[in-house]
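*Asks:* Here's a structure for you.
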Amino acid sequence: MFEPSKKLSPHFTLAEMCITKSGLKNHASAEEQVALTFLCDRVLEPIRAKWGPVFVHSGYRNEGVNSECGGARTSQHLLGEAADFHCPNAALDLVFEWIVVLSGLDYDQCIREPSWIHISFTRRDKNRRQPLVKTPDGYEPAIFGRKE
């Protein structure tokens, strides 16, 4: 059953994790809600504890919503395993570097997009801890520190 006010974790609701601007219904199934709960507990709550409020742009997406926003056909958003977000009180680059280098968070992918961070968590397989940066040509591995 889809209950928008359902708390997935102390600071994240089901409605917040199923938000869409498409106008299409976007109701996560029970299985997708379990995945969203893991994502909130294991990844988004620790980010919020460090950086304050987390504004979710996109969490779960059904096929129609994913297609409408141009998401990949294999997007983890379709499984409830991904969220695009920013922290209003912190620069994207600082949050991204903290997640990838300092936090020790178990994540699958962390992608620095131009205006948000994409993060995913899977409980089905081992998380890859794959940091990427969106470029005009696609995605590249994230590199921190000096280049020599």
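The numbers here are math on the coordinates, done by the rules we state, and not lab data. These figures come from a predicted structure and were not determined experimentally. Cβ placement follows ideal geometry from the backbone for every residue including glycine, while neighbour counts extend to all protein chains displayed.
*Asks:* If you scan the range 1-13, which residues turn out to be out of contact with any strand residue (DSSP E or B) (no Cβ under 8 Å at 6 or more places or on another chain) and outside any loop (DSSP other than H, G, I, E, B)?
*Replies:* If the condition is that a residue be out of contact with any strand residue (DSSP E or B) (no Cβ under 8 Å at 6 or more places or on another chain) and outside any loop (DSSP other than H, G, I, E, B), then L8, S9 are the ones that fit.
*Asks:* Only residues in the range 56-75 that are surrounded by 13 or more Cβ atoms within 10 Å (Cβ to Cβ) count as the first member; pair them with residues that are acidic (D, E), Cβ under 6 angstrom, at least 6 apart or cross-chain, and list the lot.
*Replies:* Listed by first residue and then by second, the contacts come to V56/E16; H57/D84; S58/D84; Y60/E32.
*Asks:* What residue, among those in the range 31-83 that are in contact with a helix residue (DSSP H, G or I) (Cβ under 8 Å, 6 or more places away or on another chain) and acidic (D, E), is nearest to I119 (Cα to Cα)?
*Replies:* Across the range 31-83, the extreme among qualifying residues is E81.
*Asks:* Among the residues that make up the range 120-139, is at least one of them touching a residue at least 40 places away in the same chain (Cβ under 8 Å), crowded, with 20+ Cβ neighbours inside 10 Å, of a type outside the set (S, T, N, Q) and closer than 23 Å to F12 by Cβ?
*Replies:* For the range 120-139, residues touching a residue at least 40 places away in the same chain (Cβ under 8 Å), crowded, with 20+ Cβ neighbours inside 10 Å, of a type outside the set (S, T, N, Q) and closer than 23 Å to F12 by Cβ: present.
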